[in-house]
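Here the structure comes first, spelled out in structure tokens, and everything after it is commentary.
Laboratory data are not the source of any read-out in this text; all were calculated from the coordinates shown. On a predicted model such as this, the values are computed, not experimentally measured, just so you know. Cβ placement follows ideal geometry from the backbone for every residue including glycine, while neighbour counts extend to all protein chains displayed.
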Amino acid sequence: MSAIVIRECSADELANASNFDALCAEYAAESGRMPEFGEPKVDIDAYRAMEAAGVAHFLGVWNVGAYRDELVGFGVVTLSTLPHFSKRIGCLISFFVAANARNGSAGTRLREAAERIASENGAAGLMISAPCESRLDVILPRSGYRATNRMYFKGFAQ
């Protein structure tokens, strides 16, 4: 018997999960990444620095089983102040649950955990980006989120 458990963890705990690279590859394939970004390459040192500065908070989605625990999702909440408004804002910059773990409420519970972290750290709200016309793009408005802006990207020759 297994259960899905969502809890705060460290960047290292996520990165040290045996299937972290495979989970990141699945996330990248689904998240609408742009060709200019190339293949995903997690910069764990940058995440450690953000964690040490209190800017990033990490969530792991674990399938807790009788024999071993398996990472099946993750979230990264960043907190920063918008200088123009002098307001703290949370951003869920990574939000992913593996396809084989989506048959329950894991995604909703992960989002709610991110909201709690942002709220407890004084954020005025939480921003989440979703690929256009994705499953997340459909779900977020049903969860109390509203579209506020469109994000555009222009790549530069490297």
Quiz item: Would you pick out the residues in region 39-61 that are of a type in the set (D, E, K, R) and either under 15 Å from A17 (Cβ atoms) or out of contact with any His (no Cβ under 8 Å at 6 or more places or on another chain) (or both)?
Solution: E39, K41, D43, D45, R48
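Among the residues of region 118-138, is there at least one that is among the basic types (K, R) and either in contact with a Phe, Trp or Tyr (Cβ under 6 Å, 6 or more places away or on another chain) or loosely packed, with under 10 Cβ neighbours inside 10 Å (or both)?
Of the residues in region 118-138, the ones among the basic types (K, R) are 135.
Narrowing the set further to residues that are either in contact with a Phe, Trp or Tyr (Cβ under 6 Å, 6 or more places away or on another chain) or loosely packed, with under 10 Cβ neighbours inside 10 Å (or both) leaves none.
No - not one qualifying residue is present in region 118-138.
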Practice problem: Could you tell me whether region 33-54 includes any residue that is in contact with a Lys or Arg (Cβ under 9 Å, 6 or more places away or on another chain), surrounded by 14 or more Cβ atoms within 10 Å (Cβ to Cβ), touching a residue at least 12 places away in the same chain (Cβ under 8 Å) and farther than 18 Å from L140 by Cα? | Solution: no
Quiz item: If you take the residues in region 69-117 that are of a type outside the set (G, A, S), part of a helix (DSSP H, G or I) and within 13 Å of the chain's Cα centre (by Cα), which one is surrounded by the most Cβ atoms within 10 Å (Cβ to Cβ)?
Solution: R111
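Residues in region 4-38 that are in a helix (DSSP H, G or I) and touching a His at 6+ places or on another chain (Cβ under 7 Å): how many? Lay out the reasoning, then the answer.
Looking only at region 4-38, we keep the residues that are in a helix (DSSP H, G or I), and these are 11-15, 20-30, 35-37.
Now restrict to residues that are touching a His at 6+ places or on another chain (Cβ under 7 Å): none.
Going through region 4-38 one residue at a time, the tally reaches 0.
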